[in-house]
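K.L.:
Sharing a structure below in structure tokens format, with a few things to ask.
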């Protein structure tokens, strides 16, 4: 996918290994919207998945409804190439909110759903919600400083390699102020119909970092767990908000340990999968 294509429309980043015989795993990223920060997990996930990561244009100012339609259109395009494979939907932070919107719009499309530190808890942090409404007062030149100051809240820095810390900061600074303000406004306004969530009967894995300093993610996954009929909660003891960047976190192994993978026979034959 070229830079020009990413800048024009939402698209899926495709890894070098395209594996149409494997289940499709669609990853929806956090506030940065780049999809680039999944790369530390991609090699592990490719053990059992054909991975796609959503990338949003840096100046994307679309509503939840438009973003939801874009994701579903992109998935449909992937399934036109290989229609008989299961689809896993994985959303992290901002992407966790989008994943819920996508799932209730197409409840029968997904075999499994994974939500990681979903930002649906944004309004449970009143100071964060208030601060987000005042960010337009911050002079442009201070945005880089603000991104640096936010790092300890986003991640357990001691558990992230220096190169990944650099990538995280670079990615945060790559998002224009207008886009940041827009996505914060989407989080402030986020709402999903609980009755529609209750209709999601497929297995859902809810993952939270116990050391998330940005959002009350453990509280939030417990709240969501009380709504969804078929879920399992995994709390990562020492992890922060951007837990997938942490060196000892392997998402594929977490899925494997929690019986959240297709069996090899199912992947090879395309027959109905277990559980």
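The values are calculated or read from the model by the stated rules, or taken from the named source; none is laboratory data. Predicted, not measured: the structure shown is a model, and the values here were computed from it. Don't worry about glycine lacking a Cβ; one is built from the backbone with ideal geometry, like all the others, and counts go over all protein chains shown.
K.L.:
Looking at the range 80-119, which of the residues that are at pLDDT below 95 and more than 19 Å from residue 35 (Cα to Cα) is surrounded by the most Cβ atoms within 10 Å (Cβ to Cβ)?
P.N.:
It comes out as 85.
K.L.:
Across the range 162-181, what is the number of residues that are surrounded by fewer than 17 Cβ atoms within 10 Å (Cβ to Cβ) and out of contact with any helix residue (DSSP H, G or I) (no Cβ under 8 Å at 6 or more places or on another chain)?
P.N.:
7
K.L.:
So which residues in the range 104-123 are out of contact with any helix residue (DSSP H, G or I) (no Cβ under 8 Å at 6 or more places or on another chain) and either part of a helix (DSSP H, G or I) or over 13 Å from residue 204 (Cβ atoms) (or both)?
P.N.:
If the condition is that a residue be out of contact with any helix residue (DSSP H, G or I) (no Cβ under 8 Å at 6 or more places or on another chain) and either part of a helix (DSSP H, G or I) or over 13 Å from residue 204 (Cβ atoms) (or both), then 108 is the only one that fits.
K.L.:
For the range 186-265, which helices (runs of 4 or more DSSP H) that fit wholly inside it have 3 or more residues that are touching a helix residue (DSSP H, G or I) at 6+ places or on another chain (Cβ under 9 Å)? Write out each step before concluding.
P.N.:
On the way: elements: 194-198, 217-225, 251-257.
By residue number, 217-225, 251-257.
K.L.:
Going through 122, 190 one at a time, which residue ends up being modelled with pLDDT of 50 or more, closer than 21 Å to residue 240 by Cα, buried (at least 18 other Cβ atoms within 10 Å of the Cβ) and out of contact with any strand residue (DSSP E or B) (no Cβ under 9 Å at 6 or more places or on another chain)? Give the derivation first.
P.N.:
On the way: 190 fails: closer than 21 Å to residue 240 by Cα.
Criteria check complete, one pass: 122.
K.L.:
Okay, next question. Scan 42, 68, 47 and give me the residue that is assigned to a helix (DSSP H, G or I), in contact with a helix residue (DSSP H, G or I) (Cβ under 6 Å, 6 or more places away or on another chain), surrounded by fewer than 22 Cβ atoms within 10 Å (Cβ to Cβ) and at pLDDT 90 or above.
P.N.:
Numbers: 42 fails: in contact with a helix residue (DSSP H, G or I) (Cβ under 6 Å, 6 or more places away or on another chain); 47 fails: assigned to a helix (DSSP H, G or I).
Sole residue among the options that is assigned to a helix (DSSP H, G or I), in contact with a helix residue (DSSP H, G or I) (Cβ under 6 Å, 6 or more places away or on another chain), surrounded by fewer than 22 Cβ atoms within 10 Å (Cβ to Cβ) and at pLDDT 90 or above: 68.
K.L.:
Mind counting the residues in the range 209-235 that are crowded, with 21+ Cβ neighbours inside 10 Å and more than 17 Å from residue 98 (Cα to Cα)?
P.N.:
Applying the first criterion (crowded, with 21+ Cβ neighbours inside 10 Å) to the range 209-235 yields 209, 212, 214-215, 217, 220-221, 224, 228.
Still in the list and also more than 17 Å from residue 98 (Cα to Cα): 209, 212, 214.
Residues meeting the conditions: 3.
K.L.:
Follow-up question, since we're still on this one. Give the range 19-48 a look and list any residue that's in contact (Cβ under 8 Å) with a residue 60 or more places away in the chain, within 20 Å of residue 82 (Cβ to Cβ) and in contact with a strand residue (DSSP E or B) (Cβ under 7 Å, 6 or more places away or on another chain), or say none. First the steps, then the outcome.
P.N.:
From the range 19-48, those in contact (Cβ under 8 Å) with a residue 60 or more places away in the chain are 20-34, 36-38, 40-41, 44-45, 47-48; that's our starting set.
If we keep only those that are within 20 Å of residue 82 (Cβ to Cβ) as well, we get 20-27, 45, 47-48.
Scanning the range 19-48 gives 20, 22, 23, 24, 25, 26, 27, 45.
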